[in-house]
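Input: a single structure, listed below in structure tokens.
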Amino acid sequence: MVFSDLKKLIEKENRLFLILVVLLIIGFTFSQFGLLFYGTYIFVFLLGICMVLFIAAMIFRIDLKHLSHKQIILYLIIAIAITFLLLMRFYLGNIFFQGFFVLGIVAYVAITATFLMYSCYQIGVSWDEKIYNKGWMWLRWLIFLGCTILSIIFMLSISRLGLALQQRDTEVQFAFGVFALILTIIVILFAVIGGLFALRGKLNAWLGFFFIWVAIYTLYLMLNVYFALSSSESQYSLPVTIALYFFDLFLILYTIGKLIGDKADIISEKVKFIKADAILIFLIFSKAAYEFGATEITAIDASRFGAIWGFVLFIPLLFITGLYGIINYSRTIKERELNKEAE
């Protein structure tokens with residue numbers, strides 16, 4: 001569970017990450033509820049300290065969990081200097097500074113969406129395995145067929161809603177209804193592939209759970225783009241603001257929990273050139289850049305760019321995750337068959 005992973009932040013070796021996460025949440029909360037002045041300065045400091053820590057972890061391969069007091073003081077001094085430069089950003093040039101926001105937005109959306117998609121696949125497989133172990137084959141078929149049909153109907157409804165919203169607000173120059181339809185086609189494609197596998201005795205019942213999640217997340221992404229682009233909805237109502245705040249907060253805490261928890265060792269083993277610590281620092285940096293870009297007057301609208309980028313990125317992520325899931329689950333099915341033969 002994500003909250004059990006987050007408990008590791010209070011461990012002594014993770015106190016540095018805890019401080020950064022708390023600052024990020026405070027700044028994020030300020031920026032979401034109108035206290036932009038305080039949020040801006042917190043984000044600027046986070047940008048400075050995260051840049052220093054990321055370079056230390058990525059380039060100099062320093063273990064951030066075991067920093068000495070002298071190293072912490074040195075990094076803090078360098079971070080304050082960088083923070084000062086960021087506050088005097090008009091001397092740095094617009095191209096360099098705008099690159100900050102683009103990099104932060106793209107990285108934040110990519111990291112959180114990737115972790116969330118993969119986690120949804122794992123949860124679906126985990127639930128499917130529990131049902132399989134109980135011998136409830138009828139329930140697996142019910143979940144696969146029932147959830148798949150419901151999710152496709154839901155996806156088609158979302159596509160129609162997207163097209164209707166586009167016609168309702170002609171100033172919205174983004175075809176999110178078409179993008180929702182593309183996602184629907186991908187879901188139908190994998191449903192057909194799953195059905196063909198099922199006819200060969202290889203039931204991917206986890207796809208039912210997965211498709212339901214995809215439908216819910218597609219609706220969120222589409223509405224997020226609509227609220228970001230629609231001039232009539234430029235100022236969110238309080239319920240919308242609160243709902244988006246808690247979803248974003250869950251997203252960032254979920255990803256941090258995975259990076260500080262059971263996924264940290266796996267990442268360190270499989271990805272040799274970057275540690276989980278460096279990814280975590282870069283995630284905090286990315287979110288700070290994202291929110292700072294959304295609160296400051298810049299050449300790009302961070303909230304709009306992030307909403308559109310998240311929707312567009314979800315298309316290849318859905319395809320890759322679905323394809324990976326079916327291939328990987330086929331190995332699980334083969335292991336089951338070998339175990340039955342061995343018995």
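The values are calculated or read from the model by the stated rules, or taken from the named source; none is laboratory data. This is a predicted model, so every value here is computed, not measured. Here the Cβ positions follow ideal geometry from the backbone for every residue, glycine too, while neighbour counts run over all protein chains shown.
Below, the figures for the structure above:
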read-out	value
Any hit, segment 145-154, residues being modelled with pLDDT under 85 and either closer than 24 Å to Leu207 by Cβ or outside any loop (DSSP other than H, G, I, E, B) (or both)	no
Among residues of segment 51-81, those that are out of contact with any Phe, Trp or Tyr (no Cβ under 9 Å at 6 or more places or on another chain), among the aromatic types (Phe, Trp, Tyr) and surrounded by 14 or more Cβ atoms within 10 Å (Cβ to Cβ), counted	1
Segment 302-340 - residue that is of a type in the set (Phe, Trp, Tyr) and modelled with pLDDT of 75 or more and, of those, farthest from Leu221 (Cα to Cα)	Tyr329
Single unsatisfied condition, Trp206 versus (1) crowded, with 21+ Cβ neighbours inside 10 Å; (2) more than 22 Å from Tyr118 (Cβ to Cβ)	(2)
Filter result for the condition that a residue is of a type in the set (Val, Ile, Thr), modelled with pLDDT under 80, assigned to a helix (DSSP H, G or I) and under 30 Å from Thr241 (Cβ atoms), over Thr112, Thr40	Thr40
Options Val172, Val178, Val106; residue that is modelled with pLDDT under 85, within 30 Å of Leu24 (Cβ to Cβ) and not aromatic (Phe, Trp, Tyr)	Val106
Lone qualifier among Ile95, Ile80 - being out of contact with any helix residue (DSSP H, G or I) (no Cβ under 8 Å at 6 or more places or on another chain) and either modelled with pLDDT under 80 or of a type in the set (A, V, I, L, M, F, W, C) (or both)	Ile95
Residue that is without any contact (Cβ under 8 Å) to a residue 40 or more places away in the chain and closer than 26 Å to Thr255 by Cα, where the choices are Lys134, Lys130	Lys130
Filter pass, Gly135 being of a type in the set (Gly, Ala, Ser) and in a loop (DSSP other than H, G, I, E, B)	yes
